[in-house]
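Asker: Dropping a structure here in structure tokens format, bear with me for questions.
The values are calculated or read from the model by the stated rules, or taken from the named source; none is laboratory data. From a predicted model like this one, the values you see are computed outputs, not experimental measurements. Neighbour counts run over all protein chains shown; Cβ positions are idealised from the backbone, glycine included.
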Amino acid sequence: MDIYGNIRKLAKSVKSQNLFQAVKEINGLRLFDNESNLSKIQQIYLSYLYFYDTINRDIVIDKISKRVFESELYEDSYMLYKKEKGFDKKEKDSKKHDVKLVMSNKINFPSSEDK
Amino acid sequence: MNQIKENVREEEAKKLLNEINESGDLNIVDEMIKNNQIEFEINDKKYRVRLLNLKEKIDLDILRRKKFGQLIQDKDILLEKDLIKVYKERGINIEEIDDKMSKIKAEVNDKQILLGESIAKNDGETILKTYSDQIKNLNDELNILFLQKTTLLEFSLENQLLNYIAQIITFLSTDVMNEEGYYRRMWKTVEEFIDSSENDLINKAGSASMILQYSI
């Protein structure tokens, strides 16, 4: 049995992804019997849960098509491209400009006359 | 016509069987991930491989240091760096293999980024296939070089120590189920483990314990 291949398939499955979302949102829900001291396979599984969660999110916001799921090489390559080109960084940078703070010494509090 | 129908039915049956096997494998992996245990049966006996506890990790560390002390005093066993020098004197350059591997890895990385970009841009099938084939060929080359290097360094002190650690982890983490249905340690002493002729069990438990352990 190809353990690592199956860990990846399991993390990609709808059931695991749904459970992962629930664990993130519901306090007290756990993925593993142990809370700490994660084993090697648990660490690998967890990293693949995040990996597929990221791809699923990108599909939802139309950043990428479902075609990425055609092969594991496509998935790996897309994630590597995303990391290397840092288009998440660009996105965050553009979001920073959405809120502009204007510094000023003059603050106009509503006076009693305005009421 | 009947022959075609028969073939299609056979294909469907094979596909279904594969799916069942796959989902069975996934269930096993699912359980394994949840509780950090791998259970298996050999000749109607139940065995379990689990994570080492603190006491066992300390035992492992003591045995590892003891083995290192023995290996370092043995003049017939060379450290990896010394073995590389000996090979170089005989015309085999492991540093060259390393350089080739680094270059191929960088090339694979670049091609993967290009493939990732093509996927993000939703490029045509031909472009994706071209990059995929190039990456596959590079990875094949990389695997051959890796195998070459691993074979050449098989007898280094470092590798012998790693093999010994793997054996000791197998010895410490394998349990057998007794008649009352409780798990007990399979082997009581290292000597008993080394003298054991149960090769099937040792191989299976060995690969299972390597999957589970991550830090010693």
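Asker: Going residue by residue through the range B:99-114, is there one that turns out to be farther than 30 Å from A:S77 by Cβ, in contact with a helix residue (DSSP H, G or I) (Cβ under 7 Å, 6 or more places away or on another chain) and more than 14 Å from chain A (Cβ to nearest Cβ)?
Answerer: Taking every residue of the range B:99-114 in turn, none turns out to be farther than 30 Å from A:S77 by Cβ, in contact with a helix residue (DSSP H, G or I) (Cβ under 7 Å, 6 or more places away or on another chain) and more than 14 Å from chain A (Cβ to nearest Cβ).
Asker: Taking the range A:44-53 as the region of interest, how many residues are surrounded by 14 or more Cβ atoms within 10 Å (Cβ to Cβ) and more than 13 Å from chain B (Cβ to nearest Cβ)?
Answerer: First, the residues of the range A:44-53 that are surrounded by 14 or more Cβ atoms within 10 Å (Cβ to Cβ): A:44-46, A:48-49, A:51-53.
From what's left, more than 13 Å from chain B (Cβ to nearest Cβ): A:51-53.
Total meeting the criteria: 3.
Asker: Now, a different point. Do you know which residues across the range B:162-176 are in contact (Cβ under 8 Å) with a residue 40 or more places away in the chain and more than 12 Å from B:S207 (Cα to Cα)?
Answerer: B:Y164, B:I165, B:I168, B:L172, B:D175, B:V176
Asker: Still on this structure, please answer the following. Taking A:F32 and the conditions (1) at the interface with another protein chain (Cβ under 9 Å from one of its Cβ atoms); (2) farther than 19 Å from B:L212 by Cβ, which numbered condition does it fall short on, given that it satisfies the others?
Answerer: In the conditions (1) at the interface with another protein chain (Cβ under 9 Å from one of its Cβ atoms); (2) farther than 19 Å from B:L212 by Cβ, A:F32 misses (2) alone.
Asker: Quick one: would you say B:I38 is within 11 Å of another protein chain (Cβ to nearest Cβ) and not in a helix (DSSP H, G or I)?
Answerer: Numbers: within 11 Å of another protein chain (Cβ to nearest Cβ): yes; not in a helix (DSSP H, G or I): yes.
Spelling it out, B:I38 is indeed within 11 Å of another protein chain (Cβ to nearest Cβ) and not in a helix (DSSP H, G or I).
Asker: For the range B:19-29, name all the residues that are out of contact with any helix residue (DSSP H, G or I) (no Cβ under 6 Å at 6 or more places or on another chain) and either within 11 Å of chain A (Cβ to nearest Cβ) or modelled with pLDDT of 70 or more (or both).
Answerer: B:N21, B:E22, B:S23, B:G24, B:N27, B:I28
Asker: Looking only at the range B:138-152, count every residue that is surrounded by 17 or more Cβ atoms within 10 Å (Cβ to Cβ) and either among the polar types (S, T, N, Q) or not in a helix (DSSP H, G or I) (or both) and tell me the total.
Answerer: Residues in the range B:138-152 being surrounded by 17 or more Cβ atoms within 10 Å (Cβ to Cβ) and either among the polar types (S, T, N, Q) or not in a helix (DSSP H, G or I) (or both): 0 in total.
Asker: Out of all the residues in the range B:76-123, which are outside any helix (DSSP H, G or I) and in contact (Cβ under 8 Å) with a residue 12 or more places away in the chain?
Answerer: Of everything in the range B:76-123, those that are outside any helix (DSSP H, G or I) and in contact (Cβ under 8 Å) with a residue 12 or more places away in the chain turn out to be B:I77, B:L78, B:L79, B:I92.
Asker: Specify which of the listed residues (A:I59, A:I41, A:I64) is closer than 19 Å to B:M210 by Cβ, within 12 Å of another protein chain (Cβ to nearest Cβ) and of a type in the set (V, I, T).
Answerer: Only one candidate qualifies: A:I41.
Asker: Which condition from (1) surrounded by 15 or more Cβ atoms within 10 Å (Cβ to Cβ); (2) assigned to a helix (DSSP H, G or I) is the one that B:V176 breaks?
Answerer: Only one criterion in (1) surrounded by 15 or more Cβ atoms within 10 Å (Cβ to Cβ); (2) assigned to a helix (DSSP H, G or I) is unmet by B:V176, namely (2).
Asker: Scan the range B:41-59 for residues that are more than 12 Å from chain A (Cβ to nearest Cβ) and assigned to a helix (DSSP H, G or I) and jot them down.
Answerer: Answer for the range B:41-59, where residues must be more than 12 Å from chain A (Cβ to nearest Cβ) and assigned to a helix (DSSP H, G or I): B:K55, B:E56, B:I58, B:D59.
Asker: Something else: Go through B:R48, B:R65 for me and flag whichever is under 27 Å from A:I3 (Cα atoms) and not hydrophobic (A, V, I, L, M, F, W, C).
Answerer: B:R48
Asker: Quick one: count up the residues across the range B:124-137 that are among the small types (G, A, S), assigned to a helix (DSSP H, G or I) and modelled with pLDDT under 95.
Answerer: So the count comes out to 0.
Asker: Moving on to the next point. Say whether the condition of being modelled with pLDDT under 95 and more than 17 Å from the chain's Cα centre (by Cα) is met by at least one residue in the range A:52-63.
Answerer: no
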